[in-house]
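No value in this document is a laboratory result; all are computed from the given coordinates. Being a predicted model, the structure only gives us computed values, none of them experimental. All Cβ positions, glycine included, derive from the backbone under ideal geometry; neighbour counts span all protein chains shown.
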């Protein structure tokens with residue numbers, strides 16, 4: 001452990017904390033721009049016609065009439081103690097709901113990320129840097145994959161494999177039920193990552209070290225796999241943190257299609273019911289996952305490319 | 001469909017050597033590669049402008065005796081739960097979907113211009129602030145920001161449009177900013193300054209057009225992206241409400257009958273895929289030709 005490394009870690013943590021604070025602040029003020037009375041929302045909306053005393057009791061309980069800054073302070077204090085308030089509709093602490101539902105979503109997105117990478121690497125190794133129909137086929141597949149919207153791919157996979165062929169269950173909490181949702185999420189990201197990796201692969205293939213390895217008698221497949229791929233994977237790895245974030249956003253749609261438990265389903269229900277504490281809680285946790293995923297993908301980049309050990313953090 | 005613009009590290013791209021020879025660029029296959037997507041986009045635009053010309057039936061006409069009819073010669077794309085012709089509804093839906101997509105892109109670009117210009121021209125402090133703002137917006141990945149806005153402002157086609165626009169904004173903003181930074185240091189801006197042109201003129205006549213030209217390709221891709229995101233929100237039941245024909249709303253209606261009437265979701269979805277794919281292919285072609293132009 002040297003001083004530079006420690007300073008780098010501290011900077012990373014500080015900027016992550018700053019980012020999360022900004023996200024929290026934005027969602028807090030968005031919530032308070034809402035037209036209408038939050039106390040009314042808690043009691044089931046204007047149609048429930050709650051009596052004025054009950055409304056007032058709720059306002060007092062939640063401190064809705066305190067000055068905005070006091071509420072903001074209370075919100076931040078709660079946040080630090082992992083208290084995200086209580087869901088209007090489910091009458092449970094948001095933290096409890098989210099921590100229960102985030103696991104299936106992380107499983108789904110993790111599986112999807114693995115599928116995406118497997119797909120990207122296979123496509124790149126087989127077709128990148130090759131002239132003729134093979135290269136063009138690979139590039140074509142990637143463009144089509146990357147353009148597939150989750151809501152359509154999911155429906156097609158569901159109808160083909162679960163309804164017509166009946167190879168896989170429509171809804172299932174076990175590992176089999178994970179296959180179709182993970183494919184739905186992973187295939188488009190795989191197409192996108194493959195595009196990025198292919199470009200980089202083409203560049204790396206023209207580098208002198210490829211020629212030097214080949215002239216030393218290394219086999220082409222070996223060079224492609226062990227040396228060129230290492231270079232080609234870098235931008236993809238750097239993008240994986242962002243990719244995981246976009247997968248969570250995609251998981252919202254996929255969980256609805258496959259009726260899977262998870263944070264996406266919770267979010268859709270919360271948005272429909274205008275259950276703001278829950279919406280904000282989910283958003284905040286997603287932002288947290290995004291930040292952590294980006295730190296991890298930075299770390300992974302350094303593992304794959306030792307040259308970065310000396311540059312990362314120096315520029316930012 | 002994941003992406004508009006991930007936070008790629010900003011690296012100057014080395015000019016790629018032209019891979020294709022002039023002869024191959026005139027081959028019939030390449031020709032088809034522009035004509036086919038061009039025809040798809042053309043058909044969608046025509047459907048949006050004059051749906052009556054293309055649609056065989058009234059998109060709102062209910063005929064319960066014909067509900068859930070599978071695709072046939074009479075109903076190319078089948079019928080929905082109320083016996084409405086899905087093909088006619090897809091055609092009539094083009095206008096709403098395209099409007100939302102274009103409107104969202106316009107909103108995203110406008111916001112991005114403000115942010116990007118402020119960052120690119122405003123000096124170190126402003127640039128630092130803009131970079132931070134973009135970074136923060138990226139922490140609401142994908143349609144998440146759109147969902148928050150809908151939760152706050154309720155559910156309507158307008159919110160859907162604004163929400164998608166804001167969700168696409170950070171990607172554009174990053175590109176406008178780096179483009180402005182490049183153009184600002186360019187020789188021709190320097191030349192304009194030396195010639196004594198007033199700053200407003202340099203901004204409007206020299207800087208903006210040059211900073212914006214490379215973005216036209218991205219806008220082509222971005223409209224497709226916006227259509228897909230709007231459809232995703234529609235699929236979740238947010239946005240245009242039934243019985244109006246709109247692709248996202250149709251997907252949402254079909255979602256509940258997936259097991260007995262796959263065509264209700266399949267065909268609107270195919271239309272969206274073909275449309276965005278065509279825009280992507282055309283955008284790429286445009287990019288290749290502008291890149292080639294820059295080499296000359």
**Prompt:** Which order do B:138, B:257 fall in if you start with the one that has the fewest other Cβ atoms within 10 Å?
**Reply:** B:257, B:138
**Message:** How many angstrom lie between the Cα centre of segment A:170-225 and the Cα centre of segment B:126-175?
**Reply:** 31
**Message:** Quick check: the distance between the Cα centres of segment A:226-262 and segment B:182-196, to the nearest angstrom?
**Reply:** 42
**Message:** Defining a contact as two alpha carbons under 8 Å apart and six or more residues distant in sequence, what relative contact order in percent does segment A:224-316 show?
**Reply:** 39
**Message:** Calculate the FRET efficiency for residue A:206 and residue B:178 from the Cβ-Cβ distance with a Förster distance of 30 Å, rounded to the nearest 0.05.
**Reply:** 0.75
**Message:** Relative contact order of chain A, please, whole-number percent, based on alpha carbon pairs below 8 angstrom and at least 6 residues apart.
**Reply:** 22
**Asked** Of A:231, B:197, B:256, how do they rank once you tally other Cβ atoms within 10 Å and put the fewest first?
**Response** B:256, B:197, A:231
**Structure-based [θ]222 nm, the protein assembly as shown - -39500 (n - 2.57) summed over DSSP H runs of at least 4, per residue, nearest 500** = -23000 deg cm²/dmol
**Message:** Run the numbers for residue A:269 and residue A:299: contour at 0.36 nm per residue of separation, minus the present Cα-Cα distance, in nm.
**Reply:** 7.3 nm
**Item:** Projected area averaged over orientations for the protein assembly as shown, convex hull of C-alpha atoms, nm²
**Value:** 33.7
**Request:** Normalising by the residue count of chain B, find the relative contact order in percent from Cα pairs under 8 Å and 6+ residues apart.
**Result:** 23
**Item:** Mean projected area in nm² (Cα convex hull; one quarter of hull surface) for segment A:94-315
**Value:** 14.9
**Prompt:** Taking other Cβ within 10 Å of each residue's Cβ, how do A:6, A:26 sort, fewest first?
**Reply:** A:6, A:26
**Request:** Just grab the label-to-label distance for residue A:166 and residue A:225, each label 7 Å out from Cα along the Cβ direction, in nm (one decimal).
**Result:** 4.1
**Request:** Would you mind computing, in nm to one decimal, how far apart the modelled labels at residue A:53 and residue B:194 are, each placed 7 Å from Cα along Cα→Cβ?
**Result:** 8.4
**Fill in**
Full extension between residue B:126 and residue B:65 adds, at 0.36 nm per residue less the Cα distance, a length in nm of 15.6 nm
**Message:** Quick check on segment B:142-199: what does the Kirkwood estimate of hydrodynamic radius come out to from the alpha carbon pairs, in Å?
**Reply:** 14.0
**Message:** Between residue A:214 and residue A:131, how high is the FRET efficiency from 1/(1 + (r/R0)^6) when r is the Cβ-Cβ distance and R₀ = 22 Å? Nearest 0.05.
**Reply:** 0.80
**Prompt:** In bins 5 Å wide, starting from 0, what share of all Cα pairs of chain B does each bin hold, as a percent?
**Reply:** 1, 5, 10, 13, 14, 13, 12, 10, 8, 6, 3, 2, 1, 0, 0, 0
**Message:** Considering only C-alpha atoms, what is the centroid distance from segment B:263-290 to segment A:52-99, in Å?
**Reply:** 45
**Cα-projected label distance for residue B:286 with residue B:45, points at 7 Å along beta-carbon direction, nm** = 1.0
**Message:** Between residue B:212 and residue B:158, what's the calculated FRET efficiency when r is the beta-carbon distance and R0 is 30 Å? Round to 0.05.
**Reply:** 0.70
